Amino acid sequence: MEDASKNQAIIDAIGEPIVKGPWYNASLAVAHKRQSVSCSFPVSGPLGSGVLQLKAVRNGDDTWSSFFLPRDWDILIMDALLHVPGNEEKQ
């Protein structure tokens with residue numbers, strides 16, 4: 001969310017502040033061995049709304065105990081599908 005809030009193209013399209021929508025509209029998928037994740041969740045701003053999608057991988061070893069340790073996530077892909085009223089094309 002921090003990266004999306006700083007993205008000038010998203011700010012230009014839906015305005016500031018950019019707000020994350022409710023988690024009950026989000027989706028999360030975790031791949032085998034908990035090493036990658038895909039997530040999408042709604043976002044909105046004063047000029048429009050959209051869906052933020054990302055794919056990330058997690059660094060670290062694969063032991064069962066590493067599940068309890070904090071690890072860094074690297075975002076591989078971050079896309080936003082945005083709708084701005086008055087501009088009927090999705091961007």
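The values are calculated or read from the model by the stated rules, or taken from the named source; none is laboratory data. On a predicted model such as this, the values are computed, not experimentally measured, just so you know. No Cβ is skipped: glycine too gets one built from the backbone with ideal geometry, and neighbour counts run over all protein chains shown. SASA here: full protein model, heavy atoms, side chains in, ligands and nucleic acids out. Shrake-Rupley method; radii C 1.70, N 1.55, O 1.52, S 1.80 Å.
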Checklist entry - Just for the range 8-35: of the residues that are at pLDDT 80 or above and open to solvent by 40 Å² or more (accessible area, probe 1.4 Å), which one is nearest to Leu81 (Cα to Cα)? => result Ala9
Next on the checklist: Which condition from (1) of a type in the set (S, T, N, Q); (2) surrounded by 10 or more Cβ atoms within 10 Å (Cβ to Cβ); (3) modelled with pLDDT of 90 or more is the one that Ser5 breaks?
Outcome noted: (3)
Next on the checklist: Report every pair of residues separated by at least 6 positions or lying on different chains whose Cβ atoms are under 7 Å apart, first residue within the range 11-37 and closer than 13 Å to Leu52 by Cβ, second at pLDDT below 90 and open to solvent by 90 Å² or more (accessible area, probe 1.4 Å).
Outcome noted: Ala13/Gln91
Item to check | Search result, residues across the range 36-83 that are open to solvent by less than 90 Å² (accessible area, probe 1.4 Å) and modelled with pLDDT under 80 | outcome: Ser36, Val37, Arg58, Asn59, Gly60, Asp61, Thr63, Ser65, Ser66, Arg71
